[in-house]
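Peer 1: Quick one: the structure is below, and I'll ask about it shortly.
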Amino acid sequence: MTFTPWLAIFFLDFMSKIVERTFQLTTPSGVELNGDIRWKRNGPEELDPTRPVIIVCHGFKAFKDWGPFPAIGRFFAEAGFVSIVFNFSHNGIGKDFRKFSEQKKFSINSFKIELGDVETILTAIASDELNCPVINQ
């Protein structure tokens, strides 16, 4: 593959339009929940700077930094949404976001826990705990 300067300029321009931040929330049971929030920077021509939110939930045995999930988050941000990609609190991924290190938590994971995690995200959105200036309340 040949590197072309125009491709690098396009890529840098594309990336500079997306704001990416990490966040950490605590579930009602006291467990940490980590995620990434992304949105497109507001242009001067926009009258309403707010955007709807998409929450990307990974599947069983996956995590937010694996496979397509970072790209999916960026895609939705570029499309005009606030995208939230997060790790379920009991998916087995600990402080090192690329290593399966919390087998105990994973062994007790359930749909009920995962639904509680999604509820924690929704509560954080509604209460502006994520401190994202463009979320459409």
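Peer 1: How far apart, in nm, are the 7 Å Cα→Cβ label points at Lys104 and Asn42?
Peer 2: Reported label-point gap for Lys104 and Asn42 is 4.6 nm.
Peer 1: Also, I was wondering about something else. Would you mind checking Lys40/Lys64; Lys17/Lys64; Lys40/Lys104 for any pair whose Cα atoms are more than 29 angstrom apart?
Peer 2: Table pairs above 29 Å Cα-Cα are Lys40/Lys104.
Peer 1: Under a 5 Å amide H to amide H cut-off, with H placed in plane at 1.01 Å, what residues pair with Phe86 once short-range neighbours are removed?
Peer 2: Correct list: Asp36, Val56, His58.
Peer 1: Give me the one-decimal nm value for the distance between modelled label points at Ala71 and Thr123, 7 Å along each residue's Cα-to-Cβ direction.
Peer 2: The modelled label-to-label distance comes out at 3.5 nm.
Peer 1: What FRET efficiency comes out for Ile18 versus Glu114 if R0 is 25 angstrom and r is the Cβ-Cβ distance? Round to the nearest 0.05.
Peer 2: 0.40
Peer 1: By counting other Cβ atoms within 10 Å of each Cβ, how are Arg21, Arg74 ranked from fewest to most?
Peer 2: So the ranking, lowest neighbour count to highest, is Arg21, Arg74.
Peer 1: For Glu78 and Thr26, compute 0.36 nm times the residue count separating them, minus their Cα-Cα distance, and round to one decimal in nm.
Peer 2: Additional length available on full extension: 15.9 nm.
Every number here is computed from the coordinates shown, using simple stated rules; none is lab data. Small disclaimer: the values here were computed from a predicted structure and weren't measured. Every residue, glycine as well, gets a Cβ built from its backbone with ideal geometry; the counts of neighbours run over all protein chains shown.
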